[in-house]
Each structure stands twice: as C-alpha cells, then as structure tokens.
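The values are calculated or read from the model by the stated rules, or taken from the named source; none is laboratory data. The shown structure was predicted, so the numbers you read here are calculated from the model rather than taken from an experiment. In this analysis, Cβ positions are derived from the backbone assuming ideal geometry, glycine residues included, and neighbour counts consider all displayed protein chains.
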Amino acid sequence: ETAVFQTPNYHVTQVGNEVSFNCKQTLGHDTMYWYKQDSKKLLKIMFSYNNKQLIVNETVPRRFSPQSSDKAHLNLRIKSVEPEDSAVYLCASDREDTLYFGAGTRLSVL
Amino acid sequence: SQLAEENPWALSVHEGESVTVNCSYKTSITALQWYRQKSGEGPAQLILIRSNEREKRNGRLRATLDTSSQSSSLSITATRCEDTAVYFCATVASSGSWQLIFGSGTQLTVMP
C-alpha cells in the first residue's frame, strides 16, 4: 500500500531551468529522505531531514535544496538543472530502520 | 567505490526455480537489509537482518549474514514472474549518523 506520494511522475526540462518535486508521507514518520537513482540503478542518498535538522550528503551540488513545511512533506528544488541531473529522484521516510519509498520522479534534462 | 555490492549483476531463471543473490560489504554494520525494486516503483524492504543474527526468513525468501566474511545472501525459492525486479542489499554502518547505503543491485528476470 502506497503511503509515500511523489509528484510529478515525470518531468522534462531544459538546462538552466528551475524544477521542484513534491513528496508527502502519510505514515507519521519523523525522518524523510531524498535519494537519486541513476541510469544504472545506483541509489545515492542526497538529504535526510528530521524535526527540522537537515543532514546533507557533502557530494550534493548546491543547486539542490530540500524544502519542508512540516514533517509529512519534503520537497526537492533544483535551482538550475544540468544534464547530469537526469535521473529518478526517490523520496522516502523511515521507521525502525526501514525505509518506505515513493514511486519516484523521473527527470529528463535536455 | 560502493560500500556494498551485489553479485551477479544480472541473472535469469525460469519460474519455479530457486535463485540466490549475494552481497559483500566493506564496513562494520549494525544491520543489513534486502530491498526489491520493481519497474516503475520505489524499492520495498524484504528482510532486515541484524548483525547478531545469522539467518532470517520471510515466506519464500531466506537471508543469511556472515559478519566475519562481511557477506550476505538472499535466496528465493519457487520463483514467480512477479519476482522480476532489481534486488539491493543495504547496510547501516555501526558508526556515524544513521544512513542506509545501497549496493548497486542485481537485476533478476524470472521467465515463464
């Protein structure tokens, strides 16, 4: 049963544009994450956000920023997309060491 | 380089056969998890096995953990077409902040 909702499913944009992806979880979890999955299925953690504490993977470019209004929402903003940003972006929340993922947003940068 | 790695990279079996995916990891862990990702979906947890456990079962799935060789395996018996997916192992390091680090995945195809 899906409990982590991501929108949009797909997004196509051009280099330099700004994009924003939404994520909402209805599980009542305290911590949410963004992962990036490349074309080889490799999953890399980008951010974790818990009770207003943000932990950033130091390899994430500064054009990426998470935005949260409450513990159920964690959006992802990319200020000026680059071709290498083409990927699937997966949002997740966790409870007791288990991650619950959304279906992802596939970004294509032309 | 990845902290965890599955092998083989890909494999195919026929329905009803059994299959095993292996995982090797490079750091001291508190737990190891197996996830499955079907096409168009996010990963979903199959099994969580803690560092003091050697084996865990979940229906047709069986996971083992050998902390001395830093390896784990996931076996699926009586495979079905719907088992077709990418299988990931993921580790939680025993030091530092809690983060789930995923391996590169094994693509399993189950043919009719």
Counting only strands (runs of 3 or more DSSP E) wholly inside region B:26-112, the ones holding at least 3 residues that are under 27 Å from A:VAL56 (Cα atoms) are B:29-37, B:44-50, B:85-93, B:100-102
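Select from region A:55-93 the residues that are hydroxyl-bearing (Ser, Thr, Tyr) and within 14 Å of another protein chain (Cβ to nearest Cβ) and write down the one among them that is farthest from A:ALA3 (Cα to Cα).
Among those that are hydroxyl-bearing (Ser, Thr, Tyr) and within 14 Å of another protein chain (Cβ to nearest Cβ), it is A:THR59.
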Tell me, which residue of region A:3-32 that is surrounded by 18 or more Cβ atoms within 10 Å (Cβ to Cβ) and modelled with pLDDT under 95 is nearest to A:SER108 (Cα to Cα)? A:MET32
Taking into account only those residues within region A:94-110 that are outside any loop (DSSP other than H, G, I, E, B), within 23 Å of B:LEU46 (Cα to Cα) and within 11 Å of the chain's Cα centre (by Cα), which is nearest to the other protein chains (Cβ to nearest Cβ)? A:PHE101
Out of contact with any Phe, Trp or Tyr (no Cβ under 7 Å at 6 or more places or on another chain), in contact (Cβ under 8 Å) with a residue 12 or more places away in the chain and away from every other protein chain (no Cβ under 13 Å) - does that describe any residue in region B:32-51? no
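A quick yes/no check of all residues on (1) touching a residue at least 24 places away in the same chain (Cβ under 8 Å); (2) under 18 Å from A:GLN25 (Cα atoms):
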| position | (1), (2) |
| --- | --- |
| A:LEU42 | no, no |
| A:SER48 | no, yes |
| A:PRO61 | no, no |
| A:LYS71 | yes, yes |
| A:TYR100 | yes, yes |
| A:ARG106 | yes, no |
